[in-house]
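The values are calculated or read from the model by the stated rules, or taken from the named source; none is laboratory data. The structure displayed is predicted, hence computed values, not measured ones. Positions of Cβ are generated from backbone atoms using ideal geometry, with glycine treated the same way; all protein chains shown enter the neighbour counts.
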Amino acid sequence: MEEWDEIEVPKNVKDIFVEMKNTAELMVDLAYSAALFKEKEIAEEVLELEEYLDILNYHLMVRAVLAARNMKEAEQITSILQMARSIDDISNAAADLAKMVLEEKLHPLITEVILESEETIGRVIVSPESVLVGKTLDDLDLSTNTGVWVIAIRRGKRWIFDPDEDTKIMPGDIIIGRGTRTALEYLKEIARGIIKVMPNE
Amino acid sequence: MSEFEEIRGCLIEMKDLSALMIDLAFSSVMYNSEDIAEEVYLLEEKMDDLTLKVKRLTLRAAKKEKDPESLLSIIDLADINERISDAAYGIADIILRDIEPHPIIRKIMEDTEEELGRVTVRPGSVLIGKTLAQLKLPSKIGTRILAIKRGDRYIYNPGRDDTVEEGDVLIAVSSDMDKLRKLAGEEVEEEE
């Protein structure tokens with residue numbers, strides 16, 4: 001776990017907790033993406049995030065224990081610890097799905113299940129003519145404007161996992177996103193250059 | 001219906017329910033709502049039933065399969081969803097056991113990427129009388145409705161044909177809750 005010594009952990013309970021929740025949710029999305037597209041690199045990323053989440057959880061516990069000054073506060077803090085444990089359980093479930101991908105033991109039925117669930121995963125290829133090109137994720141705000149949450153971007157041979165708001169979309173990028181089928185179809189048309197305006201324009 | 005079709009139906013429902021349960025569980029803690037926590041508890045029981053059903057069907061299907069071991073991942077996927085729903089129950093349990101959630105939890109929920117919120121549909125709102133299918137909130141404003149509170153009653157996981165009525169309280173998850181607030185006719189403080 002030495003490699004994580006360099007990793008910066010947020011300073012206070014609130015920020016650590018927010019990071020844990022976002023990380024666990026990302027892990028579930030990535031694990032399903034890995035399962036759907038049989039992408040081992042995505043599965044590996046899930047396992048790395050799992051280690052990161054364990055470290056966050058440890059820091060959270062230490063700080064939470066320090067924060068209690070009386071019985072009532074201690075009781076309230078147990079609520080945070082209980083939620084943190086549940087988040088850790090979710091991340092472990094996601095990691096197990098990722099391991100199944102690495103071991104190549106997925107039954108074809110699983111692909112159908114992922115594709116037919118309410119919120120599914122899609123792969124969106126960005127054509128050079130698309131209005132997405134050259135804009136940052138912050139400019140585009142795809143989650144609000146199209147209902148698609150960007151989980152990862154494939155650029156050439158490289159993966160950008162959990163891209164931040166300054167990430168610019170380039171022609172040829174493959175966006176892995178989560179959303180309803182309608183939302184994903186809509187983003188696909190924007191990415192193909194068929195729809196020329198973003199809804200917020 | 002073949003076993004596989006039935007298994008597929010169960011697993012899709014389990015995947016949708018486990019995701020819904022997580023959102024509902026966090027909402028229950030955020031709003032200190034026993035009603036929502038209670039629903040998570042009921043859904044958890046449903047998930048247990050579905051898990052058992054998938055396992056039984058898979059075993060039955062395995063009898064006819066040349067390579068029964070290839071079905072193991074189906075049971076594993078049911079198990080993974082069951083564990084996610086257990087985790088959701090673990091969160092809702094805080095409310096069911098009457099522990100007062102720490103005040104920072106609410107702040108935490110407002111700071112996460114997917115914001116949870118409760119929005120009241122005001123008189124004159126454009127949402128009134130429309131079905132969720134007509135509104136297309138997920139693709140239009142990045143918002144999913146987890147539940148509709150109508151009077152004392154909750155409609156959980158509302159479907160395409162459910163209609164929004166005046167006075168409804170929408171429990172939603174969104175990247176920008178203010179958009180929904182505006183559509184519902186609530187006062188929104190403008191940014192900047």
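What number goes with the only condition from (1) part of a helix (DSSP H, G or I); (2) surrounded by fewer than 16 Cβ atoms within 10 Å (Cβ to Cβ) that B:Met1 does not pass?
Only one criterion is unmet by B:Met1, namely (1).
Do we find that A:Ile169 is more than 14 Å from A:Val126 (Cα to Cα) and among the aliphatic types (A, V, I, L, M) in this structure?
no
For residues in region B:17-50 being surrounded by 17 or more Cβ atoms within 10 Å (Cβ to Cβ) and of a type in the set (Asp, Glu), which is nearest to the other protein chains (Cβ to nearest Cβ)?
Here the answer is B:Asp23.
Scanning for something crowded, with 19+ Cβ neighbours inside 10 Å, farther than 19 Å from B:Arg181 by Cα and either more than 13 Å from every other protein chain (Cβ to nearest Cβ) or among the hydroxyl-bearing types (Ser, Thr, Tyr) (or both), does region B:136-155 turn up at least one residue?
Checked region B:136-155: at least one residue is crowded, with 19+ Cβ neighbours inside 10 Å, farther than 19 Å from B:Arg181 by Cα and either more than 13 Å from every other protein chain (Cβ to nearest Cβ) or among the hydroxyl-bearing types (Ser, Thr, Tyr) (or both).
Write out, first by first residue and then by second, each pair whose Cβ atoms fall under 6 Å of each other, whose residues are 6+ apart or on separate chains, and whose first residue, in region A:99-119, is in the same structural domain as A:Glu51 (by TED's automatic domain parsing) while the second is among the charged types (D, E, K, R) and assigned to a loop (DSSP other than H, G, I, E, B).
That search, which allows pairs on different chains as well, returns nothing.
Could you look through region A:10-39, keep only residues that are at pLDDT below 95 and farther than 14 Å from A:Leu53 by Cβ, and pick out the one that is surrounded by the fewest Cβ atoms within 10 Å (Cβ to Cβ)?
Looking at residues that are at pLDDT below 95 and farther than 14 Å from A:Leu53 by Cβ, I get A:Lys11.
Given the structure, is B:Asp98 under 30 Å from A:Gln76 (Cβ atoms), surrounded by fewer than 21 Cβ atoms within 10 Å (Cβ to Cβ) and more than 8 Å from chain A (Cβ to nearest Cβ)?
Here the answer is yes, as B:Asp98 does meet what is asked.
Conditions tested, residue by residue: (1) modelled with pLDDT under 95; (2) closer than 30 Å to B:Val169 by Cα.
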{"residue": "B:Ser33", "(1), (2)": "yes, yes"}
{"residue": "B:Val54", "(1), (2)": "no, no"}
{"residue": "B:Pro68", "(1), (2)": "yes, no"}
{"residue": "B:Ala88", "(1), (2)": "no, yes"}
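Out of (1) touching a Ser or Thr at 6+ places or on another chain (Cβ under 9 Å); (2) of a type in the set (Ser, Thr, Tyr); (3) in contact (Cβ under 8 Å) with a residue 24 or more places away in the chain, what's the single condition that is false for A:Ser143?
A:Ser143 satisfies all of (1) touching a Ser or Thr at 6+ places or on another chain (Cβ under 9 Å); (2) of a type in the set (Ser, Thr, Tyr); (3) in contact (Cβ under 8 Å) with a residue 24 or more places away in the chain except (3).
Of all helices (runs of 4 or more DSSP H) completely enclosed by region A:70-181, which ones contain at least 2 residues that are over 15 Å from the mean Cα position of the chain (by Cα) and facing chain B (nearest Cβ under 9 Å)?
Helices (runs of 4 or more DSSP H) meeting the threshold: A:71-102, A:108-116, A:142-145.
Any idea which of B:Lys53, B:Lys107 is within 7 Å of another protein chain (Cβ to nearest Cβ) and either surrounded by 15 or more Cβ atoms within 10 Å (Cβ to Cβ) or in contact with a Lys or Arg (Cβ under 8 Å, 6 or more places away or on another chain) (or both)?
Unique residue meeting the criteria: B:Lys107.
Looking at the structure I just gave you, is A:Arg192 in contact with a helix residue (DSSP H, G or I) (Cβ under 7 Å, 6 or more places away or on another chain), in contact (Cβ under 8 Å) with a residue 60 or more places away in the chain and either among the basic types (Lys, Arg) or surrounded by 22 or more Cβ atoms within 10 Å (Cβ to Cβ) (or both)?
no
Please indicate, with yes or no, whether at least one residue in region B:76-90 is more than 20 Å from B:Met21 (Cβ to Cβ) and surrounded by fewer than 19 Cβ atoms within 10 Å (Cβ to Cβ).
No, region B:76-90 has no match at all.
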